[in-house]
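Participant: Starting off with a structure, shown below.
What follows is calculated from the coordinates using simple rules that are stated; it is not laboratory data. What you see is a predicted model, and the numbers here were worked out from it, not measured in a lab. Backbone-built Cβ (ideal geometry, glycine too); neighbour counts: all protein chains shown.
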Amino acid sequence: IAPPAAPGGGDPVAALYAANGFVTGTGTLADDMLAHAGFRNFAATMGHRHAAYLPIEDLIARPPDLLVLIRSETGTSLAQDLLDHPALRAAFPGAHRLSLPGRLWLCGLPQTLDTLDRLAQARQALEHFAPEHVAREDSDPEYSDPAREAGR
């Protein structure tokens, strides 16, 4: 993977939002992945390093271009219910919301490339399509893993 270009002021901003309202800032693999996909990291623009808590109200008051919901695949919890809050659905329609499983953000593995591809697709959707023209099924909160579906 080529090194990321220096983030420009015109690059879209993406927020990685996880259970309990945690965001991921600078000094993380997720921050590097956002940069490689051409996004500025919302948490980093707010001065957060590593992980930090961000109330849903602050996220909605200063909405990034893309909200990436980081979901657990091991069941549900009250902490994770925040990711399905109606205010988030209203504030981030269609192309402005992407849902991915947390395991894709933990370490640099082959699926990291799949994650980068999904982020690149999300950026293209933001640039070229109106929110109602997103290919992803927003009614399905679970991410479809192409490698798992292919039986790998």
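Participant: Where the only charges are on Cβ atoms (+1 Lys, Arg; -1 Asp, Glu), what is the dipole of the stretch 26-136 about its Cα centre, to the nearest 20 debye?
Facilitator: Charge dipole of the stretch 26-136: 60 debye, to the nearest 20.
Participant: Convert each backbone phi in the stretch 106-118 into a coupling constant with the Karplus relation 6.51 cos²θ - 1.76 cosθ + 1.60 (shift: θ = phi - 60°), then list the ³J(HN,Hα) values in order as whole Hz, x for Gly and Pro.
Facilitator: Computed from phi, the couplings for the stretch 106-118 are 7, 8, x, 10, x, 5, 4, 5, 4, 5, 4, 4, 4 Hz.
Participant: Right, here's the next one. Per residue, what volume in Å³ does the convex hull of the Cα atoms of the stretch 64-107 enclose?
Facilitator: Roughly 83 Å³ of hull volume per residue.
Participant: Continuing with this model, one more query. Highest first, please rank the peptides 36-45, 118-127 by the mean number of other Cβ atoms sitting within 10 Å of their residues.
Facilitator: 36-45, 118-127
Participant: Ok, one more. Using the alpha carbons of the stretch 26-136, what is the convex hull volume per residue in cubic angstrom, as a whole number?
Facilitator: Each residue corresponds to 112 Å³ of Cα convex hull volume.
Participant: Along its principal axes, what span do the Cα atoms of the stretch 33-75 show, with the longest given first and each in whole Å?
Facilitator: If we take the Cα atoms of the stretch 33-75, the spans are 31, 28, 20 Å.
Participant: Would you kindly give the portion of the calculated P(r) for the stretch 80-132 that falls above 12 Å, as a percent of all Cα pairs?
Facilitator: The answer is 69 percent, as a whole percent.
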